[in-house]
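The values are calculated or read from the model by the stated rules, or taken from the named source; none is laboratory data. This structure is a prediction, so every number in the text was calculated from the model and none was measured. Using ideal geometry, Cβ is built from the backbone for each residue, glycine included, and neighbour counts are taken over all protein chains shown.
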Amino acid sequence: MQKYRAPTGGFSCAGEFYASVRRAGLEQSRDNRLITKTAGHMEEGEDSQGGFLVPEQWAADILHVALEESIVRGNGAIALPCTSDSFKLRTLVDSNRATNFFGGVNFYWIAEAAQKSAAGKITKPALGTIELNPHKLIGSCYSSDELVSDYGVFGQFMEIAFGRALAFVEDDYFINGNGAGQPLGIMGSGAMITVTRNGLAAVNFTDFAHLAERLLPDSWKRAVWMLNADLVDELFEATASAANQATVLDLSTRTLFGRPIIVTEKCAAAGTTGDIILADWGHYVIADREMYIAASREVGLLTDETFWKIVLRVDGQPLMTAAITPRRGANTLSAFVTLTTSS
């Protein structure tokens, strides 16, 4: 079977593509390999509507850097390609497992050779729809003109510069976005469970235990702890009984209850709701559309620098819309759990 190769737009490497975009933006030098991104359609030609479509291969290279740097994409989020302004995903409405399973899947026992009547026992599954509408995200940076002479270095610089920045911004909105013209983050979704913080301290070991108690059982194989950097000292001081501490909290490997600890400034300030989050990103979906880029001289004329603008269309939201009532147990469960603000 022949391995799929993403289209390159006819360019031998990413650096050649960026150099061509730069010439088109600065020198109005036409390169028929460039595809102009316009408001209503795409066509070959000049950059008249704000940018050139990034060929699939070079866009993938930027996203690959973002994947390596990203908390969300790098920890199991479901990323789907999107070719239209709206992407609808059918899901099972799974909010109560006390009476059925996974949105209405039901089983029942019958005796050997008994009549297999299912009247009153079989129910239709509850289906829901998640709609993703890729939103426009714009980034910018400067590069020195000297970089252009070395295609290899130039392409690598652009991939790292935009890839790392993209990972940071996406993570922030996948966690904290309000869904209005931007992704819906887990903090603003109905799937987030907030657990009352224990006492006045920013966090203590009991808080970690209470968060773990509310995590979906199937999320234990993927979930990660995320916490604000200001909580590191609190984490260091958190203690369990001598018999459990070594197996529950391991600062040398940065694990807690066996799950990785990620320190990030994308979590809320210490002592406020969202400063520590236990999340299974396998329950989050991302829609990726196109990426396009433009170059201009702008104020960089005085310093021999090129101004770059990159535009992406992306959206994201949790697959869950609410916490789940378990088959047996006193508390609802979710893939996303956090603490309330200190009292």
### Query
Would region 58-71 turn up any residue that is touching a helix residue (DSSP H, G or I) at 6+ places or on another chain (Cβ under 9 Å), surrounded by 15 or more Cβ atoms within 10 Å (Cβ to Cβ), of a type in the set (Asp, Glu) and at pLDDT 70 or above?
yes
### Summary
Of those in region 295-334 that are of a type in the set (A, V, I, L, M, F, W, C) and within 23 Å of Asn133 (Cα to Cα), the residue modelled with the highest pLDDT is Val314
